[in-house]
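Report on one structure; see the data block that follows.
The values are calculated or read from the model by the stated rules, or taken from the named source; none is laboratory data. Just so we're clear, the structure is a prediction, and the values are computed from it rather than from any experiment. Neighbour counts run over all protein chains shown; Cβ positions are idealised from the backbone, glycine included. Note: accessible area is taken over every heavy atom of the protein model, side chains too, but ligands, DNA and RNA are not part of it. Shrake-Rupley method; radii C 1.70, N 1.55, O 1.52, S 1.80 Å.
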Amino acid sequence: SLIGKNGFETIGGEIVDVALISLSKRHPTNEHGALFLDVSSEPSPPEKASALQTGEIAVPLQKSFLANPGFTIALQNKNKTALLSQFVECYEGLSRGDVDRFDRQFWELPEIDLTKWQPLVNSSTCDGVQSGMDLVFLWEDGKGALAMSDGARVQGDPAWNRRGVFVARTHLRACLSYGRIYAQNGVALVPREKNILLPLLEFCRSEDYRNSVQALNQKLIKPTGVMAKVPFDLAHWQKVAAEKYPHGLPKPFSSDPTQWLFNGHPAGADQPLHVAVARLLGYQWPRQTGSSFPDCPSLGPDGLEKHADKDGVVCFSQARDEAPAADRLRALLADAHGAEWSHAMERKLITATGSKADSLEDWLLNDFFAQHCDLFHNRPFIWHLWDGRKDGFNVLVNYHKLAGPDGVGVRTLETLAYAYLGDWIGRQRDAVKHDEAGADDRLTIALELQGELKRISAGEPPYDLFIRWKALHEQPMGWEPDINDGVRLNIRPFLSVDLSRGKKGCGLFRAKPGSSLKWDKDRGKEPKRPKEDFPWFWKWDEQAVDFAGNSEFDGNRWNDCHYTTVLKKAARERKAQK
């Protein structure tokens, strides 16, 4: 009897798959059968117990199992239908070995530099035909660190540049692969004949396919070998595909801003307000920065570029002769939606985000950043920084521009700390002189924020940047992040701050970006590297306010490490002398 998941009242979770098996010590003849009773679809132990007493028992011949793929003991292919493997080639995807080093959400980069990064088809969290297109990986044309890594497995390349269907090995969701490089958490099914792509797609997206694979293997992560060993009625799925796609497969398109294919325009987007904020801060999607994809060319200007802030810093209140953020956002949305734009539409778009705010001002201040983090997988590229007061200094910053110089060559962090925040501080000092209520408190907390930004700029522990895969002489000095290192590590100094008026654990942010931003130890082991590059692993000791550890590099993927600028400078000097 196949019991399936949730078979015991005292064991929770979805991992344990249960079967009750009874065997006899006899040699079977051609007429010997096997009794099958499948209650795995029942959701709870009481219902499974009831089905065991009343369910229908199947009695297949034991010799029939010899016809199953891998001689699997399962009720499979009763009608002797041809197997899918006769029509497709099946390839497992590329394993990077160190995803924290080699994988990025595409929005972590201002644009996709194809000399370094390549789009990667990945197991999707949604069920769209055109999905799983949110990752890029450091490929370097197959000649870089990934290709030479002992932990990576470069495989599945016969499917590259060939259209097929990508099927995730866990939830078995299927999407088109478009011939892109694809991840090891799925397989590419490439049709031997191009005209069966659509029937293959519809079959792999059906419950029939998922049930057939599940019957062959009940593991949470399906082995590659079973993914094409299921019955495939080509004639039936050709009919299904013809009815669904009478004019063939539509051109690639996505209204989801977390997919490469998205056109970057708020109108028609799944999340128009979030797209509009990103455009206001100067971000553009890959197709707008010159990237193209199969049947999905790059795009020219759409007219919203005039609203983009030049230095990627937009204050909530008026600052440096710039209008407040909400007013500028309204102007952009009005241009994006044309005659359709109205106050009623503003309220409708806010409600569609799940917010109860009654204005863009309220939504930006209280809801935007938490929603932005959730939408973009806790790798935010628009940062809401504040001093801990709703009526204090609040600003939106384009992370990509914060990581580099502004338009006149000054580091954007310094522009933020001294120009924008400095302007706010000056106004609070004037307000103090005029005895305005709350001005003293606003001035105090703004000066505290400015001090923290200065410390981040200097980069002494615990406000330093540490990049696990880089040698000591390559570590950033102060706030000089490499955008290619990703949000997870570069955001750390801003989360290390504990403002007296801010939310604990949120650092300088209006909300906490998420639990996936951790800095203890990544999975796996580091490859062997020269010890002189890693002479110390200094760990911050909050109790002693000093450095401790001084342990030699132990091969683990530690991130909770801090180096002083003195140590970094010494490492650079040693490197220069060699």
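What the table shows:
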read-out	value
Region 209-237, residues that are crowded, with 17+ Cβ neighbours inside 10 Å and charged (D, E, K, R)	Arg210, Lys222, Lys229
Only one of Leu453, Leu396, Leu421 that is touching a residue at least 60 places away in the same chain (Cβ under 8 Å) and under 22 Å from Trp479 (Cβ atoms)	Leu396
Subset of region 425-451 [within 26 Å of Pro481 (Cα to Cα) and surrounded by 13 or more Cβ atoms within 10 Å (Cβ to Cβ)]	Ala446, Leu447, Glu448, Leu449, Gln450
Which listed residue is surrounded by fewer than 19 Cβ atoms within 10 Å (Cβ to Cβ), modelled with pLDDT under 90 and either touching a strand residue (DSSP E or B) at 6+ places or on another chain (Cβ under 8 Å) or of a type in the set (Lys, Arg) (or both), from Ser124, Ser41	Ser41
Residue match in region 151-165 (condition: open to solvent by less than 20 Å² (accessible area, probe 1.4 Å) and touching a Cys at 6+ places or on another chain (Cβ under 6 Å))	yes
Every residue from region 477-490 that is open to solvent by less than 10 Å² (accessible area, probe 1.4 Å), in a loop (DSSP other than H, G, I, E, B) and within 15 Å of Ser457 (Cβ to Cβ)	Gly478, Trp479
Residues being modelled with pLDDT of 95 or more, small (Gly, Ala, Ser), surrounded by 19 or more Cβ atoms within 10 Å (Cβ to Cβ) and part of a loop (DSSP other than H, G, I, E, B) - total across region 238-290	3
So Ser500, is it closer than 30 Å to Asp430 by Cα, assigned to a loop (DSSP other than H, G, I, E, B), open to solvent by 10 Å² or more (accessible area, probe 1.4 Å) and polar (S, T, N, Q)	yes
Subset of region 357-383 [among the polar types (S, T, N, Q) and part of a helix (DSSP H, G or I)]	Asn366, Gln371
Among the residues listed as Gly354, Gly300, the single one being open to solvent by 40 Å² or more (accessible area, probe 1.4 Å), part of a loop (DSSP other than H, G, I, E, B) and more than 29 Å from Trp117 (Cα to Cα)	Gly354
So Leu197, is it modelled with pLDDT of 95 or more and under 19 Å from Phe166 (Cβ atoms)	yes
Odd one out for His343 among (1) in contact with a Leu (Cβ under 7 Å, 6 or more places away or on another chain); (2) open to solvent by 50 Å² or more (accessible area, probe 1.4 Å)	(1)
Selection count where residues are out of contact with any Lys or Arg (no Cβ under 8 Å at 6 or more places or on another chain) and under 21 Å from Cys315 (Cα atoms), scope region 449-472	7
Selection from region 270-279 of residues that are free of Cβ contacts under 8 Å to residues at least 60 places away in the same chain and under 18 Å from Trp341 (Cβ atoms)	Val275, Arg279
Of the criteria (1) at pLDDT 95 or above; (2) out of contact with any helix residue (DSSP H, G or I) (no Cβ under 9 Å at 6 or more places or on another chain); (3) open to solvent by 20 Å² or more (accessible area, probe 1.4 Å), which one Tyr420 fails	(3)
